[in-house]
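Beneath this line is the structure, given in structure tokens, with notes to follow.
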Amino acid sequence: MEPNALVECAYELMRALKEELAERKTVTPAFILLHDLDCEVLTFSPRLFASAEGKAAVARAFRNRALQTAAHGALMGLDSFCFIPDLTAMREANPRLVRAAAGAGIDALIRSGLGQKSEGLSVTLQTPSFHLLVQQLYARGENSIVFGELRTFDSRNLPMEAAGLFSIYGAHHVTRG
């Protein structure tokens, strides 16, 4: 599958998740493996996402299936909290503090004054050659969902770490210059 087609798949999944959230006020996590001519959707019990062990089990199962089927790309769509970095504060902070807080997680970054947390939809596209992260921030209004900023991070344009727990292709990936 061509890189542009893979990226289109990521944006199409984001559109579907936004519609689902606006309509039902909830989002079913999406796990999709992209192949040459088709795709494979994997489903997991929502209860698994309630614990670290459950999330690790989902990550293992998804990673193993991606490697077994030699998928060209892996798409994950989740509704969770997104971290909005305060880039000025990060630049001015001690680099060791930033690394330590980042290693400890989003809450530590926020406690350190390096950003804030917002509800958001995240779609991650992982391929052997690049990663793409699309985030659609939102807030819950009285009777509606109010969508805010749409952000895209592409490892072909910006250095980006692997997707952590759900990293399929490992931390060593090739970026195009």
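The values are calculated or read from the model by the stated rules, or taken from the named source; none is laboratory data. Just so we're clear, the structure is a prediction, and the values are computed from it rather than from any experiment. FYI the Cβ positions are ideal-geometry reconstructions off the backbone, even for glycines, and counts take in every protein chain you see. Side chains are part of the model used for accessible areas, which takes the heavy atoms of the whole protein and leaves out ligands, DNA and RNA. Shrake-Rupley method; radii C 1.70, N 1.55, O 1.52, S 1.80 Å.
Structural remarks
- Rolling a 1.4 Å probe over the protein heavy atoms of the chain, with every protein chain left in place, gives an accessible area that is 54 percent carbon and sulfur.
- Entry note: the range 87-139 has Rg to Rh equal to 1.05, where both radii use alpha-carbon atoms and Rh is the Kirkwood radius.
- Rounded to the nearest 20, the size of the Cβ-charge dipole of the range 1-96 about its Cα centre is 500 debye, with Lys and Arg at +1 and Asp and Glu at -1.
- Along the chain, counting only trypsin sites (Lys or Arg not before Pro) with a DSSP assignment other than H, G, I, E or B and at most 12 other Cβ atoms inside a 10 Å radius, the longest segment between sites is 26-175.
- Calculated translational diffusion coefficient of the range 1-87 (25 °C, 0.890 mPa s; Stokes-Einstein with Kirkwood radius over alpha-carbon pairs) equals 171 µm²/s.
- Cα extents of the chain along the three principal axes, largest first (Å): 47, 44, 33
- Of every Cα-Cα pair in the range 1-48, the percent that sits beyond 12 Å: 69
- Neighbour count of at most 14 Cβ within 10 Å plus DSSP loop: longest GluC sites (Glu not before Pro)-free window in the chain: 1-141
- Helix-only arithmetic for the chain: the sum of -39500 (n - 2.57) across DSSP H runs with n ≥ 4, divided by the residue total, places the mean residue ellipticity at 222 nm at -10500 deg cm²/dmol.
- Residues in the range 27-177 average 57 Å² of solvent-accessible surface per residue, probe 1.4 Å, ligands and nucleic acids excluded.
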